[in-house]
Amino acid sequence: MSISQQAFLRDAMRRLNLTRDVFATRIGVKRRALDTWLLPEGSQEYRAMPDVVERFVSEIVQNDALLQKYTQSVQGGPLRERIAVDGKHQLLSVDQFSRESVEDLFRVADMMQPIARRQKVSRVLEGAVLGNLFFEASTRTRVSFGSAFCRLGGSVCDTTGFTFSSMAKGESIYDTSRVMSGYVDVMVVRHPDQGSVAEFARATNIPVVNGGDGPGEHPSQALLDLYTILTEFSRLGKLLDGAHIAVVGDLKYGRTVHSLIKLLSLYKGLKITLISPPGLEMPAYIIEKATRNGNVIEQKSSLAEGLPGADVIYATRVQKERFANEESEGYTPDFQISRATIDTYCGPDTIVMHPLPRDSRPGANDLSVDLNVDSRLAIFRQTDNGIPVRMAIFAVLLGVEGLVQHSMRDVTWKHPSHVGPDDSAFHGLE
């Protein structure tokens, strides 16, 4: 380094317009360490800055795009503060996000990819405990939240169903939440009643993440869905602004699409086509919110009307558990997304998504299994993206995202180059 260590660091702080405290947080070190690097070389307490820190800071100040990103992010305040709910670091709804803050979260998710892909490990949440409180059936959401927390070094306590909870004995949500807050450091809650997760959150000051509240919202699923769309578009050289998104299936009770439509409304010039059987249309208040930023919302009653030209097809499972059986009579084979369907109406770059689980039983009319070997099917890339996105959520809510980059080390075990035998070439772990 041609200039002194002290001059180098002070110049970096000046260019980023940061205090010592914030600068230390941004580069992932303790304030005490930074203070020793800023002392004169003759001081007894002086310490040399590690080479990795010098390279990291140099990359920021020498790259205009990185410099702008770090400056803008700090000027807006820490991400956990920008998405806070009533001053609490909780994730209850996608309404907490702006376009800038959601893309800031995705930059953290990008940083998590080497850990999620089994190339690196990190222990930034070592000693922290996650309480997974699922009062409704779940496989992917519960396990992926637990896996994400463990991959950052934390540990997980699970409870599934009312039968295995004290709420079966008449305990209130308030009491359950307050008691659990004394045991764990963050809670993920899924509950069949809309608004119940917010009730859990009001009873505690620890971070609470909405893992799905009845027909309400599923914010982490919508975030990983949007992250998947942006990732797939990046691979294809497309932009989300101006894209055509077709959403198919149970749009009335499907909480995943309620949250996703809200997030998509942060982008501009979208054409969103809603295709559903009679009686399962998207709620009017969601449609109203999605029309901002010049987005066009169309409602169609058939795939032939709605799919042509779609860049993304987002299919959903009929939520039979949320309504009477007779209401699902209109969910016929005409609404099933199959290989023949997308070959007929869509192009070779159309992305097919589904929040899962899909009902693969005969007569279910859900997303067809004949797409399993089709590279346009992104459902497994979509579920895999749940790990880095949920890792990013935990890191942001617990304030450790600035420590992750410098905490990584190589894994010591061997992992497969592809998770599944039918994964696409661009879906590899390496």
Scope region 275-293; condition modelled with pLDDT of 85 or more and assigned to a helix (DSSP H, G or I); matching residues: A284, Y285, I286, I287, E288
Residues of region 251-265 satisfying the condition of being among the hydroxyl-bearing types (S, T, Y), in a helix (DSSP H, G or I) and open to solvent by less than 10 Å² (accessible area, probe 1.4 Å): S259
Residue, surrounded by the fewest Cβ atoms within 10 Å (Cβ to Cβ), within region 114-131, restricted to residues that are in contact with a strand residue (DSSP E or B) (Cβ under 9 Å, 6 or more places away or on another chain) and part of a helix (DSSP H, G or I): P114
Qualifying residue in region 226-234 (condition: open to solvent by 30 Å² or more (accessible area, probe 1.4 Å), touching a residue at least 40 places away in the same chain (Cβ under 8 Å) and out of contact with any Phe, Trp or Tyr (no Cβ under 6 Å at 6 or more places or on another chain)): yes
Condition check for D384: in a loop (DSSP other than H, G, I, E, B), surrounded by 15 or more Cβ atoms within 10 Å (Cβ to Cβ) and of a type outside the set (K, R): no
Residue match in region 59-77 (condition: at pLDDT 85 or above, open to solvent by 30 Å² or more (accessible area, probe 1.4 Å) and either at negative phi or not in a helix (DSSP H, G or I) (or both)): no
Residue ranges of helices (runs of 4 or more DSSP H) in region 1-42 with at least 2 members in contact (Cβ under 8 Å) with a residue 60 or more places away in the chain and open to solvent by less than 90 Å² (accessible area, probe 1.4 Å): 20-26
Subset of region 387-424 (residues that are free of Cβ contacts under 8 Å to residues at least 40 places away in the same chain and of a type in the set (G, A, S)): S417
Test: residue in region 142-164 that is in a loop (DSSP other than H, G, I, E, B) and open to solvent by 60 Å² or more (accessible area, probe 1.4 Å): no
Of all residues making up region 297-315, the number that are more than 21 Å from L356 (Cβ to Cβ) and either more than 25 Å from the chain's Cα centre (by Cα) or crowded, with 21+ Cβ neighbours inside 10 Å (or both): 10
Out of S196, S147, S177, S165, sole residue that is in contact with a strand residue (DSSP E or B) (Cβ under 7 Å, 6 or more places away or on another chain) and modelled with pLDDT of 90 or more: S196
Qualifying residue in region 387-399 (condition: open to solvent by 20 Å² or more (accessible area, probe 1.4 Å) and either more than 30 Å from V53 (Cβ to Cβ) or part of a loop (DSSP other than H, G, I, E, B) (or both)): yes
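The values are calculated or read from the model by the stated rules, or taken from the named source; none is laboratory data. This is a predicted model, so every value here is computed, not measured. Backbone-built Cβ (ideal geometry, glycine too); neighbour counts: all protein chains shown. All accessible areas refer to the heavy atoms of the entire protein, side chains included, with ligands and DNA or RNA removed. Shrake-Rupley method; radii C 1.70, N 1.55, O 1.52, S 1.80 Å.
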